[in-house]
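Written below as structure tokens is the structure these notes are about.
Since every read-out is calculated from the coordinates, none of them should be taken as a lab result. Everything numeric here is computed off the predicted structure, so don't read it as measured data. Every residue, glycine as well, gets a Cβ built from its backbone with ideal geometry; the counts of neighbours run over all protein chains shown.
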Amino acid sequence: MSELSVDHLLGIKYLQKRDIDLIFETADHFKEVINRPIKKVPSLRDVTIANLFFENSTRTKLSFELAEKRLSADVINFSASQSSVKKGETLIDTVNNILSMKVDMVVMRHPNPGAGVFLSQHVNASIINAGDGAHEHPTQALLDSYSIRERLGEVAGKKVVIVGDILYSRVALSNIFALQLQGAEVKVCGPKTLIPKYIHTLGVGVETNLRKALEWCDVANMLRVQNERMDISYFPTTREYAQQFQLNKTLLDSLNKEIVVMHPGPINRGVEITSDVADSGQAIILNQVENGVAVRMAVIYLLASKIKQ
């Protein structure tokens with residue numbers, strides 16, 4: 001069996017194309033497993049995984065937990081809001097305390113960019129980055145690409161536009177890296193204030209007109225406006241944002257082709273996307289959720305098989 005070129009999943013930028021191919025092949029296998037009546041495999045019966053979430057998360061946390069349990073791993077959940085982190089304990093102390101309980105793998109979401117890399121240099125466990133600040137969210141990008149591959153056959157050669165809050169989005173950055181690595185073309189679309197200055201250096205096109213962006217693309221990935229990360233207002237009102245950048249059924253139906261609509265969730269229905277689009281046949285939002293479990297099972301399994309060696 002071939003193996004990953006990395007010992008941790010810290011970001012897409014550390015992966016090679018063959019890593020993504022291997023993760024997807026493995027996810028194909030696990031997708032069959034989770035559609036069986038008995039959804040568990042005993043693959044990781046002797047592996048202990050700690051989920052450390054220093055930032056709120058519902059969907060990613062549940063998806064990882066489900067993936068771990070489907071693989072029969074032992075799971076420890078740790079939520080920073082109810083912990084000694086509030087009392088001033090450092091990240092290293094927290095993690096070392098957890099590792100002294102003989103944990104093999106840590107899935108971590110943290111508000112600081114680079115927290116996963118820092119951790120991987122200081123603790124002896126395999127680290128999976130479940131989102132570090134506005135930096136990367138590798139498993140989300142993997143499941144997004146996997147979902148495109150499932151719907152359109154392949155990612156190479158496809159045109160993907162990422163719409164919305166690019167500045168604060170770790171999903172956008174990881175997606176750009178993952179899509180380009182697989183040979184897709186990427187553009188971003190949103191208010192100028194929410195498009196980072198450095199975006200051109202990533203080889204990404206910028207389109208400020210949503211209709212033009214949709215006419216260009218095969219896939220539109222609609223991001224949530226992350227009000228919780230914004231310390232100042234980047235556009236006048238939510239209503240004005242929606243007028244310019246909302247994907248609604250009228251706009252979707254007026255295109256001279258069918259495009260695939262994605263959303264990493266949670267959806268602000270009526271802001272970046274309307275309910276009739278989110279629930280339409282062109283949207284693969286629920287497929288993304290289902291694929292998230294299979295892709296995370298694949299990542300955990302492949303990293304765990306390196307620990308056991």
Name the aspartates and glutamates eligible as straight-distance cross-link partners of Lys13: C-alpha to C-alpha under 17 Å, and not fewer than 8 places from it in the same chain.
-> Asp21, Asp132, Glu136, Asp144, Glu185
Can you name the helices of the chain, as whole DSSP H runs, whose Cα span along the helix axis is 20 Å or more and whose Kyte-Doolittle mean is not below 1.0?
-> 285-307
Proximal aspartates and glutamates to Lys17, defined as alpha-carbon separation beneath 14 angstrom and excluding residues fewer than eight positions away on the same chain | Glu3, Glu25, Glu154
Please check the chain for the longest run free of GluC sites (Glu not before Pro) that are loop-located per DSSP (anything but H, G, I, E, B) and have at most 14 other Cβ atoms within 10 Å.
-> 155-257
If one builds a Gaussian network model of the chain from Cα atoms under 10 Å apart, the most fluctuating residue listed among Pro196, Pro111, Pro138 is Pro196
Ile92 versus Ile307: modelled label distance in nm, points set 7 Å from Cα along the beta carbon direction | 2.2 nm
Compute the signed sum of charges (Lys and Arg +1, Asp and Glu -1) over the other residues within less than 13 Å, Cβ to Cβ, of Glu215.
-> +2
Summing -39500 (n - 2.57) over every DSSP H run of at least 4 in the chain, dividing by its residue total and rounding to the nearest 500, the 222 nm mean residue ellipticity is -12000 deg cm²/dmol
Which entries in the list Lys39/Lys187; Lys69/Lys306; Lys31/Lys249 go over 26 Å, if you measure between the two C-alpha atoms of each?
-> Lys39/Lys187; Lys31/Lys249
State the antiparallel share, in %, of DSSP beta bridges confined to the chain, rounding to the nearest 5.
-> 5 percent
About the Cα centre of the chain, how large is the charge dipole given +1 on each Lys and Arg Cβ and -1 on each Asp and Glu Cβ? Please answer in debye to the nearest 20.
-> 160 debye
Suppose R0 equals 45 Å; then what is the FRET efficiency for Asn77 and Ser2 from their Cβ-Cβ distance, rounded to the nearest 0.05?
-> 0.90
